[in-house]
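Note sheet for the following structure.
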């Protein structure tokens, strides 16, 4: 029996050591898991906070757009309409051919100015995009650009379905607007094409111009307004890519994946 005692002690000690080793391993795994979950929670909170900041920034911008739109429509547009009526009255009551001719020309120019201001007012106001829809809003903007800037503008669509919310449609429209405005301001193109490619659970938007282009990643990018487009793409849960070379034009591509399919079964990419 005395010979068995050291063996029992050894076995008992081994079991105790194994128990403590197992306990330490479980403790370390649990601790690491809790730490990982804490990091994920912290990252989620940071992402949510950043998204809220971006959303607030865009809401302020949209409020400014709405204010300018209402000012154009209610004040400037009405004043120009009054001037147009007065010119029409001068034309009708005047007996001098030269005055009639000048009044006619001025009336026509004012008519174009009023139409242009009305188009600007519509596309600045988010209510117009909400009521008209993404495709109609883009077509309207292209019509205005084509008329005002004498450019060749085309709109293309492939695929069917539009599962974007009104907020997402507005973000996409603002990205298209920004890309076209950048092209006109910096690249002097003669043609702009906008393509919407609807895919199962996704949307791809391409804005192409044949302007002067630029070196992607160069210092010239700072003034191109790419930051606003990146902010909106991030809120959409999408990816924005810019492809350009000097003398070859520019293509801005927005890809959104994870949108609901036609049956609404997939998760939406959202704000």
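Return yes or no: is residue 137 within 25 Å of residue 244 (Cα to Cα) and part of a helix (DSSP H, G or I)? Answer is no for this residue. The single condition among (1) assigned to a helix (DSSP H, G or I); (2) in contact with a strand residue (DSSP E or B) (Cβ under 9 Å, 6 or more places away or on another chain) that residue 107 does not satisfy is (2).
Take residue 126 and tell me if it is in contact (Cβ under 8 Å) with a residue 40 or more places away in the chain and out of contact with any strand residue (DSSP E or B) (no Cβ under 8 Å at 6 or more places or on another chain).
Numbers: in contact (Cβ under 8 Å) with a residue 40 or more places away in the chain: yes; out of contact with any strand residue (DSSP E or B) (no Cβ under 8 Å at 6 or more places or on another chain): yes.
Answer is yes for this residue.
In summary, residue 65 fulfils each of the numbered conditions (1) closer than 29 Å to residue 115 by Cα; (2) modelled with pLDDT of 65 or more with the single exception of condition (2). Would you call residue 33 part of a helix (DSSP H, G or I), at pLDDT 75 or above, on the phi < 0 side of the Ramachandran plot and exposed (fewer than 13 other Cβ atoms within 10 Å of the Cβ)? Here the answer is yes, as residue 33 does meet what is asked.
Give the stretch 89-99 a look and list any residue that's loosely packed, with under 15 Cβ neighbours inside 10 Å, modelled with pLDDT under 75 and touching a helix residue (DSSP H, G or I) at 6+ places or on another chain (Cβ under 8 Å), or say none. Answer for the stretch 89-99, where residues must be loosely packed, with under 15 Cβ neighbours inside 10 Å, modelled with pLDDT under 75 and touching a helix residue (DSSP H, G or I) at 6+ places or on another chain (Cβ under 8 Å): just 94. Looking for whichever is closer than 30 Å to residue 246 by Cβ, in a helix (DSSP H, G or I), without any contact (Cβ under 8 Å) to a residue 60 or more places away in the chain and outside the structural domain of residue 239 (by TED's automatic domain parsing) here; the options are 145, 184. Which one fits? Residue meeting the stated conditions: 145. Residues that are exposed (fewer than 15 other Cβ atoms within 10 Å of the Cβ) and closer than 28 Å to residue 111 by Cα do not occur anywhere in the stretch 156-178. Would you check if there is a residue in the stretch 158-167 being under 19 Å from residue 240 (Cα atoms), assigned to a helix (DSSP H, G or I) and in the same structural domain as residue 256 (by TED's automatic domain parsing)? Yes. Quick one: count up the residues across the stretch 236-256 that are farther than 22 Å from residue 191 by Cβ and either part of a loop (DSSP other than H, G, I, E, B) or modelled with pLDDT under 85 (or both). Of the residues in that region, 3 qualify.
The values are calculated or read from the model by the stated rules, or taken from the named source; none is laboratory data. Keep in mind that this is a model prediction, so the values were computed, not measured. When we count neighbours, we look across all protein chains shown, and the Cβ atoms used for this are built from the backbone with ideal geometry, even at glycine.
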